[in-house]
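Report on the following structure.
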Amino acid sequence: MYEIFFRKFNDRVGLTREEEELIKQFLTPKKLRKKQYLLQEGDVCKHVAFVEKGALKAYTVDEGGTEHIVQFALEGWTISDLYSFLTGEPATYNIDALEDAELVLISKSAHEELLQQFPKYETYIRLQITGAYIALQKRLTSIISQPLEERYSNFLALYPNIAQRVPQHMIASYMGLTPETLSRVRSRISARK
Amino acid sequence: MSAKQTIAVIGAAGNMGSSIARNLSKGNNRLLLFGNDKEKIATVLTDIRNSHASAEVEALECAADASWEADIIILAVPYQAEQEIAAKIKEVANQKIVISIANPLNDTYDGLVTAADTSAAEELQKLLPNSKVVKAFNTVFAADFVTPVIDGKQTDAFVAGDDAEAVNTVAGLVKTAGFNPIVAGDLKISRTLENMQLLLIQLTMKYNYNWLAGWKILHN
């Protein structure tokens, strides 16, 4: 139920068995089925979700009803509307499940207590947020300056096997492309090989 | 627009469990029903679907699975069954709201089996130390869910718990169910609430209220 969560935690900050048990007290195990929402735009984001199993996506919907995918989360990833979670303001993202999922949720109050009680949790969160910031920087740089083929290869490196799990139109949405453009990019890449 | 809350009703085949499920299905909730009597559960499901075509409700085969998927768990089981259920759902109920509706009545309905310095809700909290136990729906009868307005007055229903956010959420459910929620205080107020229902049961039997009765606080 918390296997990958603690494996990742231990990769970054080593925990004793006792510390794991203490931290576990603050975690909420939650199952989500395919297509169900974890968060809807306009609600306050009350949890950060860690994916033990399954896949989720965070996205915005524009006035024309088109989804723009901001992030995918597969096993070992964390997903939330961090802005809403930290400020208590209404969320601008929707988050739903692409596959049946098993999550580990951390509520705002649990997060704050963990920060106070466990310096190791604070270190872990700092490393997580640093990693997320770097990923965001890379994504931004990639969008504004890299050729499409390179962007697509970077995307596949970031999310291994995702092409087998997520439909192409969603990958196109994540990359800010039309499905047709993405399809041309993919055929150019395979022609090169 | 708000994301639906998923509520597991454990003991949904019983009078109270099925009544709670039926009334909560009108709100922005997704219900997962669990009960030992599969036939009764099937009837409750059909009932709910017939009265609200858009209700999201289904039966699950396992109390732990239902609780794992839920945001809120309602234990609509007798006090005597709490211990066994708590052991099954303990791990997946971590950090979740668990509603205790039980009144720990003795066999002759003239006293409670719990000691004076505790309550069914507090005993449940001991069994589920990492859950947010909230007392609710224990001061109303099953028939009140069909007729929450009695003699022109909306029945009050009391809510008690130690986690303010959890208590608020549950007060919202009480309102959805058709009652006037009154936040009574922290979890140990459950001792009083459980005794209030003991009194109401005794009065109901003595004066033939026909199991349609409730509490109303009169105030200015």
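Quick note: the coordinates plus some simple rules give every number you see, no bench work behind them. Fair warning: this is a prediction, and the values are worked out from it, not measured in the lab. Virtual Cβ from ideal backbone geometry, glycine too; neighbours counted across all protein chains shown.
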Which chymotrypsin sites (Phe, Trp or Tyr not before Pro) from segment B:90-178 combine a DSSP loop assignment with at most 14 other Cβ atoms within 10 Å? B:Tyr109
Residue-normalised 222 nm signal for chain B, counting each DSSP H run of n ≥ 4 as -39,500 (n - 2.57), nearest 500 deg cm²/dmol, is -11500 deg cm²/dmol
Mind checking the dipole of the protein assembly as shown: about its Cα centre, +1 per Lys or Arg Cβ, -1 per Asp or Glu Cβ, Debye to the nearest 20? 1180
Which of the aspartates and glutamates could be linked to B:Lys38 by a straight reach, that is with a Cα gap under 17 Å, when you skip same-chain ones fewer than 8 residues away? B:Asp47, B:Glu58, B:Glu61, B:Asp65
Please work out the Cα center distance from segment B:1-62 to segment B:79-139, rounded to the nearest Å. 21
Using alpha-carbon positions, what is the distance between the centroids of segment B:168-220 and segment A:2-58, in Å? 37
Could you list, in their original order, any pairs among B:Lys126/B:Lys153; A:Lys46/A:Lys120; A:Lys24/B:Lys216; A:Lys34/A:Lys138 whose Cα atoms are separated by more than 31 Å? B:Lys126/B:Lys153; A:Lys24/B:Lys216
